[in-house]
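Peer 1: Got a structure for you, written out below as structure tokens; questions coming shortly.
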Amino acid sequence: MRPTVLSAFSGEIVCWQKSHGRNSLPWQNTRDPYLVWLSEIMLQQTQVSTVLDYFARFVQRFPTVSALAAASQDEVLALWSGLGYYSRARNLHHCAQVVMALHAGQFPGSAEQLQSLPGIGRSTAAAIASFCFGERVAILDGNVKRVLARVLGYGADLAQSANERALWDQATALLPDQDLPDTMPRYTQGLMDLGSTICTLRQPKCLLCPVQTLCRGLAAGDPVSLPVKTRKLKRSAQALSLLWAQQPDGSVWLEKRPVPGIWGGLYCLPVFESDDALKDKLPSPLHARLVPLPRFVHVLTHKDLHLSPWIAGFRAGQAMPKALQPGLGGGAWFGPAAWPALGLPAPIRKLLAQDRSA
């Protein structure tokens, strides 16, 4: 792009953001790195509409990085339950502890230093540094890749790391270079807003775009063809059987899942690879009390989980047989009053909320 176009691009984005961008989200209008960091982690792979309620609950419970660092991982996972990608929550907790231990409770003031913290990658670090410190540094999340690839007419395959690095360089060249404390937050938010609301994956609203006259993708007549990324994750399916062991007082046996792995670190019903595997480990006296519940599908980003729950009635005080504890161990009987405070996978929380007399 010509130098005049580079200058025009950042100026148009900043102007558009002021009048048409999102300016009232709960993590905006602040230079507090804790709030910005928390929002950026939650927004990874997750829509703003979903994050809003989680963010509010999280900040109410953990208003500062020190409060988050002092919490147990179970408390953190409980508030994260249903938001998915649970490694984000584990890294979030670990990061807070590192900030307290190594940085006296203060987030580092540059993108380069922020990248040294657990769970903070290059784009997230740049977003925090831009919003909070006005640093001239480029973000490149999925939405921004799409905006820049279309505006620049960048057709190289982003599945190749060299091509993505080249786009980083071009993203840096487009950055504002004046009044950075004001323009960098506006510009960074403007790119995010543009990708989320105007320059969408399908059916972009090109007539409403503030940089339509600069967009090479639009000029070529096919902006939707950009960006190019050939390597795609194939969807898969997995069948799992769940043992819902319940005592007369409503207590259910829950145990922690191993890390790494699906639902790692969360409390869960015992999980088996199949119904036969569950039944094979079930002591004979319990067979008569085993009742199948309706199967259901839980959809993850790249996998469909076909879940087959079975409920088994245990007598009061009856111990859980070791053979039925395939997880990490450390399981226990938890009554319904305890479930809200536990980190539970979304499908397990939904299942437990059903009528248990079924």
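Peer 1: List the helices (runs of 4 or more DSSP H) that sit entirely inside the stretch 36-148 and contain at least 1 residues that are under 29 Å from residue 267 (Cα atoms) and of a type in the set (D, E, K, R). Step through it out loud before you land on a result.
Peer 2: Details: elements: 48-61, 65-70, 73-80, 87-103, 111-114, 122-133.
Ranges flagged: 48-61, 73-80, 87-103.
Peer 1: Do we have any residue at all in the stretch 194-212 that's part of a helix (DSSP H, G or I), exposed (fewer than 13 other Cβ atoms within 10 Å of the Cβ) and either small (Gly, Ala, Ser) or at pLDDT 95 or above (or both)? Talk me through it step by step, then tell me what you get.
Peer 2: Residues of the stretch 194-212 that are part of a helix (DSSP H, G or I), as a first pass: 194-198, 206-208, 212.
Still in the running and exposed (fewer than 13 other Cβ atoms within 10 Å of the Cβ): 207.
Filter once more, so that each one left must be either small (Gly, Ala, Ser) or at pLDDT 95 or above (or both): 207.
So far as the stretch 194-212 goes, yes, one or more of its residues are part of a helix (DSSP H, G or I), exposed (fewer than 13 other Cβ atoms within 10 Å of the Cβ) and either small (Gly, Ala, Ser) or at pLDDT 95 or above (or both).
Peer 1: Here are the criteria: (1) closer than 24 Å to residue 259 by Cβ; (2) of a type in the set (S, T, N, Q); (3) open to solvent by less than 20 Å² (accessible area, probe 1.4 Å). Tell me which single one residue 10 does not satisfy.
Peer 2: Result: residue 10 passes all but (1).
Peer 1: Hey, another quick one. Hey, among 249, 222, which residue is more than 30 Å from residue 190 (Cα to Cα), open to solvent by 40 Å² or more (accessible area, probe 1.4 Å) and either out of contact with any strand residue (DSSP E or B) (no Cβ under 6 Å at 6 or more places or on another chain) or of a type in the set (Lys, Arg) (or both)? Write out each step before concluding.
Peer 2: On the way: 222 fails: more than 30 Å from residue 190 (Cα to Cα).
Exactly one residue qualifies, and that residue is 249.
Peer 1: Here's a follow-up. Restricting attention to the stretch 213-228, which residues are touching an Asp or Glu at 6+ places or on another chain (Cβ under 8 Å) and part of a helix (DSSP H, G or I)? Lay out the reasoning, then the answer.
Peer 2: Filtering the stretch 213-228 down to residues touching an Asp or Glu at 6+ places or on another chain (Cβ under 8 Å) leaves 214, 228.
Answer for the stretch 213-228, where residues must be touching an Asp or Glu at 6+ places or on another chain (Cβ under 8 Å) and part of a helix (DSSP H, G or I): just 214.
Peer 1: Does any residue in the stretch 15-33 that is surrounded by 14 or more Cβ atoms within 10 Å (Cβ to Cβ) come within less than 7 Å, Cβ to Cβ, of a residue that is among the aromatic types (Phe, Trp, Tyr) six or more places away or on a different chain, and which pairs are these?
Peer 2: Pairs found: 27/55; 33/107.
Peer 1: Right, here's the next one. Please verify whether residue 105 is in contact with a Ser or Thr (Cβ under 9 Å, 6 or more places away or on another chain) and farther than 19 Å from residue 44 by Cα, treating the condition exactly as stated. Even if it seems obvious, please write down each step before you answer.
Peer 2: Details: in contact with a Ser or Thr (Cβ under 9 Å, 6 or more places away or on another chain): yes; farther than 19 Å from residue 44 by Cα: yes.
Criteria met by residue 105.
Peer 1: Can you go through 156, 104, 162 and tell me which one is touching a residue at least 40 places away in the same chain (Cβ under 8 Å) and open to solvent by 20 Å² or more (accessible area, probe 1.4 Å)? Step through it out loud before you land on a result.
Peer 2: Values: 104 fails: touching a residue at least 40 places away in the same chain (Cβ under 8 Å); 162 fails: touching a residue at least 40 places away in the same chain (Cβ under 8 Å).
Result: 156 is the single residue among 156, 104, 162 that is touching a residue at least 40 places away in the same chain (Cβ under 8 Å) and open to solvent by 20 Å² or more (accessible area, probe 1.4 Å).
Peer 1: If I ask for residues that are closer than 16 Å to residue 68 by Cα, among the hydroxyl-bearing types (Ser, Thr, Tyr) and under 14 Å from the mean Cα position of the chain (by Cα), which ones from the stretch 26-54 would you list?
Peer 2: 39, 54
Peer 1: State all residues of the stretch 290-325 that are over 20 Å from residue 255 (Cα atoms) and of a type in the set (Ser, Thr, Tyr); if no residue qualifies, say none.
Peer 2: Hit for the stretch 290-325 is 301, nothing else.
Peer 1: Looking only at the stretch 286-296, how many residues end up being part of a strand (DSSP E or B) and open to solvent by 40 Å² or more (accessible area, probe 1.4 Å)? Quick ask: steps written out before the conclusion?
Peer 2: Here is the first cut: in the stretch 286-296, the residues part of a strand (DSSP E or B) are 290-292, 296.
Next, only the ones that are open to solvent by 40 Å² or more (accessible area, probe 1.4 Å) stay: 291-292, 296.
So the count comes out to 3.
Peer 1: Applying the selection to the stretch 229-246, what residues are open to solvent by 40 Å² or more (accessible area, probe 1.4 Å), in contact with a Leu (Cβ under 9 Å, 6 or more places away or on another chain) and outside any loop (DSSP other than H, G, I, E, B)?
Peer 2: Within the stretch 229-246, 237, 238, 239 qualify.
Residue by residue, here is whether (1) surrounded by 17 or more Cβ atoms within 10 Å (Cβ to Cβ); (2) of a type in the set (Asp, Glu); (3) in contact (Cβ under 8 Å) with a residue 24 or more places away in the chain holds:
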| residue | (1), (2), (3) |
| --- | --- |
| 49 | no, no, no |
| 52 | no, no, yes |
| 60 | no, no, no |
| 66 | no, no, yes |
| 99 | yes, no, yes |
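Peer 1: If residue 307 satisfies every condition in (1) touching a Leu at 6+ places or on another chain (Cβ under 6 Å); (2) assigned to a loop (DSSP other than H, G, I, E, B) but one, which is the exception?
Peer 2: (2)
Peer 1: Can you pull out the residues in the stretch 252-285 that are surrounded by 15 or more Cβ atoms within 10 Å (Cβ to Cβ) and of a type in the set (A, V, I, L, M, F, W, C)?
Peer 2: Matches in the stretch 252-285: 252, 253, 254, 262, 263, 266, 268, 269, 271, 272, 278, 282.
Peer 1: Related question: Looking only at the stretch 169-179, how many residues end up being part of a helix (DSSP H, G or I) and crowded, with 17+ Cβ neighbours inside 10 Å? Before the answer, list the steps.
Peer 2: Here is the first cut: in the stretch 169-179, the residues part of a helix (DSSP H, G or I) are 169-173.
Imposing the further condition that a residue be crowded, with 17+ Cβ neighbours inside 10 Å reduces the set to 170-171.
Counting residues in the stretch 169-179 that are part of a helix (DSSP H, G or I) and crowded, with 17+ Cβ neighbours inside 10 Å gives 2.
The values are calculated or read from the model by the stated rules, or taken from the named source; none is laboratory data. Model, not experiment: these values are computed from the prediction. Using ideal geometry, Cβ is built from the backbone for each residue, glycine included, and neighbour counts are taken over all protein chains shown. What goes into the accessible areas is simple: the full protein's heavy atoms, side chains included, and nothing from ligands, DNA or RNA. Shrake-Rupley method; radii C 1.70, N 1.55, O 1.52, S 1.80 Å.
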